[in-house]
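Working notes, beginning with the structure itself.
Here, each number is a calculation from the coordinates, and none is a lab measurement. Since the model is a prediction, treat every value here as computed from it, not as a measurement. With ideal geometry, Cβ positions are generated from the backbone for all residues, glycine too; neighbour counts draw on all protein chains shown.
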Amino acid sequence: MSQQRGVANESDSGCGCKVERVAERYELDRIDDALVTGWLGESGERYSLRRLETYLNERVLESAMAETTMTVLDGDVAHLYERLTDGSVSAGQRAETENYLKRAGINVERVRNDFVSHQTVHTHLRNCLGTTRKRTQNTESRVEKADQTVRALQNRMRLVTGGTVERLTRAGAVSIDSFDVYVETTIVCRDCDRSASFSELLERGGCRCRVDTERGGVEELGGETAIRAER
């Protein structure tokens, strides 16, 4: 597969896909350039589809927050997005985050519905923007398969643990009315002692101590003007 920037297959009226509709709704005027730059690695590093998914959805949340009187500090958007979407976040923490955003005037359900999946990003890149790239040694597919494998194991562990607690409760060995089970695999870097979940490690492409040094900052997809998708 060759690597190239393409031209959208649709007319000047646009492709009409979800990515374009969301970009228009939240005035993310330069989002296509940022996605293509990250996808092709034109800034020196290729980004996974899941990372591009996170980047785009964080820009959506950032735009929604900018329409309120909220003071947005560095790291706030990424933290709030994680609290809204990460499966390891407890129901109580998620509800607390939702209520915080609602009090600020954000329609949380609408914003959540406007989040896109990595499959949607891929379709937009290939079909709408005509962008393709080489897969060096099938790296992306290997990462995707590894992610699916570990997620399946975590789901299995969650089900087994939940069933075990229920049986113990019925037998009177454990006293608990209701509960949630969260399973996460944590990776600890021996060089810097930072820890990250397995999914975070895949999303970043490595430990933060290595990735930040190699690309000169977490939020760079080919230059500030391209990445920030100025409103």
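Return the loop-located GluC sites (Glu not before Pro) in the stretch 56-118 (DSSP other than H, G, I, E, B) with at most 15 other Cβ atoms within 10 Å of their own Cβ; answer none if there are none. Show your work: numbers first, answer last.
Working: sites: Glu58, Glu62, Glu67, Glu82, Glu96, Glu98, Glu109; in loops: Glu67.
Sparse-neighbourhood loop GluC sites (Glu not before Pro): Glu67.
Please rank Asp86, Asp191, Asp114, fewest neighbouring Cβ atoms within 10 Å first, as an exposure proxy. Don't skip to the end; give the middle numbers.
Details: Asp86 15, Asp191 8, Asp114 19.
Least crowded to most crowded, the residues run Asp191, Asp86, Asp114.
Which chymotrypsin sites (Phe, Trp or Tyr not before Pro) does the stretch 162-205 hold that lie in a coil by DSSP with at most 14 other beta carbons within 10 Å? Show your work: numbers first, answer last.
Details: sites: Phe179, Tyr182, Phe198; in loops: Phe179, Tyr182.
Loop-located and lightly packed - Phe179, Tyr182.
For the stretch 137-182, with only Lys/Arg (+1) and Asp/Glu (-1) charged at the beta-carbon, what is the dipole magnitude about the Cα centre, in debye rounded to 20?
On the way: 7 positive and 6 negative charges, 42 e Å.
The dipole magnitude comes to about 200 debye.
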- Task: Sort Tyr47, Tyr81, Tyr100 so the one with the fewest other Cβ atoms within 10 Å of its own Cβ comes first.
- Result: Tyr100, Tyr81, Tyr47
